[in-house]
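Shown next, in structure tokens, is the structure this report addresses.
The values are calculated or read from the model by the stated rules, or taken from the named source; none is laboratory data. Just so we're clear, the structure is a prediction, and the values are computed from it rather than from any experiment. FYI the Cβ positions are ideal-geometry reconstructions off the backbone, even for glycines, and counts take in every protein chain you see. Accessible surface areas use protein heavy atoms only, side chains included; no ligands, DNA or RNA. Shrake-Rupley method; radii C 1.70, N 1.55, O 1.52, S 1.80 Å.
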Amino acid sequence: MRNVLIVALKEIQEALRNRWVLATTLLLAALALSLTFLGSTPTGHVGVRALDVVIVSLSSLTIFLLPLIALLISHDAIVGEMERGTMLLLLSYPIARWQVLLGKFAGHLMVLAFATLLGYGAAAGALVATGATIDAESWAAFAAMIGSSILLGAVFIAVGYLVSALVGSRGAAAGAAIGIWLLFVLIYDMALLGFLVVDQGRVLSGGLLNTLLLLNPADIYRLFNLTGFANVSAFSGMAGVAQSAQLGPSLLLAALIAWALVPLGLAAVAFSRREL
Amino acid sequence: MTATVDIRNLVKRFGAVAAVKDVSFTLPPGETVALVGHNGAGKTTLMKLMLGLIHPSEGTVQVLGENPAAGDFAARRHLGYLPESISFNTGLTGRETIAFYARLKRQPIALALALIERVGLGHAVDRRVGTYSKGMRQRLGLAQALLGRPRVLLLDEPTTGLDPALRQSFYDIVEELRADGATILLSSHALTELEERAGRVIIMNRGVKVADGTLDELRRIAQLPTRIRLRVAEQLPDALENWLAPIANWRRINGHGVEIDAAPADKIAILRHATGPEAPVDDLEVVPPTLDELYAHFLRSQEQA
């Protein structure tokens, strides 16, 4: 356990040094703040529900951005250290490979969590500063959004490690990471939507659709945030979906956690089998 | 004394290529052993096997009484390793880097910083490793290998990139550890540098161990001729040839020089002859076979076999 902590601290130290933390935090804060102020314009300053609007726009942003940032941090973690030769030395130390992997995961997740918390927290802070009144339910939805955003980041960090443990070169890892991002964030939904339109409900039943949605972590995240809270789903235009949803928040959350743990476990197996 | 490293019938194949073929040897504590061979002779593979980074295809490796690949890390705490081309994360400073490795070995940071001073990096400890020269990185690499007073030290081509003064202080540090009872395995592709420094030499070629012994033993096995150079006095060529007649292998060099290839058994007889009262010899020089010749001999004899 101590080894995991040592590696995690080093990862955080490195991320601070090469300004990953700074860049990510600033990017997320800038986007969150601009969405907060620009995004509330079309609602005509209703005030009371301001934070719910922010949640809708921020979670849509998160689906694109956080997986990308997570994959950028993680795709290089194993194959990159192997190519640079630093992994050889590290593994000659009294540390197990799974400890290296878990330590990196903890470190990278901390970096991402810090950036998300601070960046999105800035948006909420700005709302409070402008004098908007926010009720408890909105705060709960906002907290859930931040938590699930970090969890979504964890999923793609784990997926990035799996890629990094499997491929032979850094270039291949980068290519695969971009491919995975495109697949989960863009292509999957478009294909699903296209199929639904063509199918007209003949083949694709509700149960099958639910399963298909659970197969994409980005969709799980979207469902969790846009249908989980009544106020939010009203704004996101998904109130109808929310009422008929058979996937409860706890199931969605469990699916998201499984999406983080399974790739992480597979990455550990792949890494332990790899010869240096 | 029990061996710290025990390798038996070790075979390592990468696909169809055998990088190490049926190698056996043991290394005792308190000895510096040189592992010599060309690039691709299997030196680095042997070290990786000793570190447990790769698994043997056949045979066994025991380091400090443990199988290094078994996933138990007690032995690794007493093991130092300096990889062939060392690299560190360039963003961290020397201090942060050595502190990280010290924590992994559960060593106090103060001791690690003392090692940094020891290898002469004290002035650069707060600079980023990315700004270090090759020699400085190598010294940082040595400092991390020395963490925790290792009982077994594996140094893969340790002196590449070090200037002669640093090389000397590097070997001083190594000698100190050896005197302290550590086993030191140094790999190199040149034997010359290791003269006087390695008590024992293991020569590898294409994954096969071709020779193993002290330099004197290897010289005896190789039976390489000693070169005796004579400067002869001004004399008639015939008289000189008469005098040299009992000696088999000789040749003239320049005007006054004669070079004799003396087999180990004949060496003393030739020297007696050359220093006899009627010998026309002004000066005499004895050149034992160099390590490079010795090395070349063992590589040749294995390739012919």
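Data for the structure
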item	result
Peptide B:76-84, shielding by other chains (average Cβ, 10 Å cutoff)	3
Within a Gaussian network of chain B (alpha carbon springs, distance under 10 Å), most fluctuating of B:GLU58, B:GLU259, B:GLU278	B:GLU278
Residue mean of other protein chain beta carbons inside 10 Å, B:92-101	3
Solvent-accessible area buried by pairing A with B, both sides, nearest 100 square angstrom, 1.4 angstrom probe	2700
Distance cut-off 25 Å, percentage of C-alpha pairs in the stretch A:2-273 lying past it	49
Point-charge dipole on Cβ atoms (K/R +1, D/E -1) for the stretch B:5-220, about Cα centre, debye to 20	580
Per residue solvent-accessible surface (Å²) - the stretch B:5-220, probe of 1.4 Å	38
Per residue value of the accessible surface for chain A (all protein chains in place, 1.4 Å probe), Å²	42
Label point distance in nm, B:HIS123-B:THR26, each placed 7 Å from Cα along Cα→Cβ	4.8
Segments B:100-106, B:125-131 sorted - mean Cβ within 10 Å per residue, highest first	B:100-106, B:125-131
Relative contact order for chain B, counting Cα pairs under 8 Å that sit 6 or more residues apart, in percent	20
Shape metrics for the protein assembly as shown, restricted to C-alpha atoms - Rg then Dmax, Å	34.2, 122
Using alpha-carbon coordinates, inclination of helix A:20-39 to the longest axis of chain A, degrees	10
Bridge type composition, the stretch B:5-220 - antiparallel percent by DSSP, nearest 5	50
For residues of A:9-21, the mean tally of beta carbons on other chains within 10 Å	3
Top of B:ALA269, B:ALA124, B:ALA18 by mean-square fluctuation, Gaussian network on chain B, Cα under 10 Å	B:ALA269
Pairwise FRET efficiency - B:ASP72 versus B:ALA114, Cβ, R0 = 22 Å, nearest 0.05	0.15
Heavy atoms of B:ILE173: accessible area, 1.4 Å probe, square angstrom to 10	10
FRET efficiency, A:LEU9 to A:ALA96 (Cβ-Cβ, R0 25 Å, nearest 0.05)	0.90
Whole-percent carbon and sulfur share, accessible surface of the protein assembly as shown, 1.4 Å	61
Cα-projected label distance for B:SER169 with B:SER57, points at 7 Å along beta-carbon direction, nm	4.4
Dipole axis of the protein assembly as shown (+1 Lys, Arg; -1 Asp, Glu on Cβ), positive-most option in B:ALA70, B:THR44, A:LEU33	A:LEU33
Mean Cα-pair separation over length for the stretch A:2-273, i.e. relative contact order, pairs under 8 Å, 6 or more apart, %	29
Tilt relative to chain B, helix B:94-104 - C-alpha long axis, 0 to 90 degrees, to 10	80
Gaussian network model of chain A, Cα within-10 Å springs - most flexible of A:GLY160, A:GLY80, A:GLY194	A:GLY194
The protein assembly as shown: calculated mean residue ellipticity at 222 nm from DSSP helix runs of at least 4, using -39500 (n - 2.57)	-17500 deg cm²/dmol
Virtual spin-label span in nm between B:LYS134 and B:ARG149, 7 Å along Cα→Cβ	3.5
The stretch B:225-288 - percent relative contact order, Cα under 8 Å, separation 6 or more	54
With Cα atoms, 0 to 90° folded angle of helix A:2-17 axis to chain A main axis	70
Occluded residues from the stretch B:46-67, i.e. those whose accessible area drops by 50 Å² or more once the chain is not alone (1.4 Å probe)	B:LEU53
Sites A:LEU117 and B:GLU196 - FRET efficiency at Förster radius 60 Å, r taken between beta-carbons, to 0.05	0.45
DSSP beta bridges in the protein assembly as shown [antiparallel fraction, %, rounded to 5]	65
